[in-house]
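**Student:** What follows is a structure written as structure tokens; I'll ask about it next.
Please treat every number below as a calculation from the coordinates, not as lab data. As the structure is a computational prediction, the values presented were derived from the model and not from experiment. Every residue, glycine as well, gets a Cβ built from its backbone with ideal geometry; the counts of neighbours run over all protein chains shown.
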Amino acid sequence: MENMNLNKHISGQFSAELEDIRNRVLAMGGLVERQLEQALDALGSLDAELAQKVIEGDHKVNGMEVAIDEECTRIIAKRQPAASDLRLIIAITKTIADLERIGDSCVRIAKAAVEKRANNQRPLLVSIENMGRHATRTLHNTLDTLARMDAEAAFELHKQDAVLDKEYEGIIRQLMTYMMEDPRSIPEVLDVLWAARAVERVGDRCKNICEYVIYYVKGKDVRHTSYEDMEKDIRD
């Protein structure tokens, strides 16, 4: 986070505290990224053992969220930060909530892998492989943008969520056609649909994190604004 200006704080301890929560958020993001990769690998290969590893690992993500949130609360109470420091802490508390929810999506994907393995079902899973790879790249790039606190990169990533949404809509149409052609496939299709929905939600959470980056860097809340207005805020 190049523009955090940690060295400008009068209190060296305060700077150390901000750097610590920065590192912990990035570590949490790295863990969530591995969870997503493993969940998608488990779904693609119907690896129940790997899926179970993802499910059991979710408590680590939850624990990191709680610990970081408690530290942010302590810093606010003790340091009473203002301006960019306060925005940073607010952005972090929001970010870890979305990272935790991405972790929940990983668990849903992993549970779908376990279910498919139990029923020996594979054919429809091919439909979400490309979408899963796209979601993984989006999360990786979002975490990179978060590490650098790059508002312009965050804006570009924010726009890319529309691509993931279109992929999801395409999968829904494909699955609906499959169900109409073979009503017996409905239970299997619904399982795949829930997994696809979990992948799509990863993109939504990444978009939220990009908004928090912009909020920290520019001091502007760009939620629920048009891309034209968002770009103006970025360029100002």
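**Student:** Quick one: net charge around D191, please, counting Lys, Arg +1 and Asp, Glu -1 for every other residue with C-beta under 10 Å from its C-beta.
**Tutor:** Working: positive: K111, K116; negative: E115, E188.
Spelling it out: positives minus negatives among the neighbours equals 0.
**Student:** Per DSSP H run of at least 4 residues, take -39500 (n - 2.57); add these up for the chain, divide by its residues and hand me the 222 nm value, nearest 500 deg cm²/dmol.
**Tutor:** Working: 7 runs with 196 residues, N = 236.
The helix-only estimate for the chain comes to -30000 deg cm²/dmol at 222 nm.
**Student:** Continuing with the same structure: Based on alpha-carbon atoms only, what is the radius of gyration of region 72-184 relative to the globular estimate 2.2 N^0.38 Å?
**Tutor:** Scaled against compact globular proteins, the figure is 1.46.
**Student:** Which whole-number percent gives the relative contact order of the chain, counting Cα pairs below 8 Å spaced six or more residues apart? List each step's numbers first, then the result.
**Tutor:** Details: 267 pairs, mean separation 61.1, N = 236.
For the chain, the relative contact order is 26 percent.
**Student:** Could you give the alpha-carbon Rg of region 151-236 over 2.2 N^0.38 Å, rounded to two decimals? Don't skip to the end; give the middle numbers.
**Tutor:** Details: Rg = 17.3 Å, N = 86, 2.2 N^0.38 = 12.0 Å.
Compactness ratio reported: 1.45.
**Student:** Across the Cα atoms of the chain, what radius of gyration and what greatest pairwise Cα-Cα distance (Dmax) are found, in Å?
**Tutor:** 19.6, 69
**Student:** Calculate the radius of gyration of the Cα atoms of region 57-110 to one decimal place, then report Dmax, the largest Cα-Cα distance, as a whole number, both in Å.
**Tutor:** For region 57-110, the Cα radius of gyration and maximum Cα-Cα distance read 13.1, 41 Å.
**Student:** Using the alpha-carbon atoms, what tilt in degrees (0 to 90, nearest 10) does helix 129-148 show relative to the longest principal axis of the chain?
**Tutor:** The answer is roughly 10 degrees.
**Student:** Treat the count of other C-beta atoms within 10 Å as a stand-in for reagent exposure and order K116, K220 from fewest to most. The partial results should precede the final answer.
**Tutor:** On the way: K116 22, K220 18.
If I rank by nearby Cβ atoms, fewest first, I get K220, K116.
**Student:** Taking 2.2 N^0.38 Å as the expected size of a compact globular protein, what ratio does the Cα radius of gyration of region 24-101 give against it, to two decimals? Each step should come with its number before you reach the end.
**Tutor:** Working: Rg = 15.5 Å, N = 78, 2.2 N^0.38 = 11.5 Å.
Scaled against compact globular proteins, the figure is 1.35.
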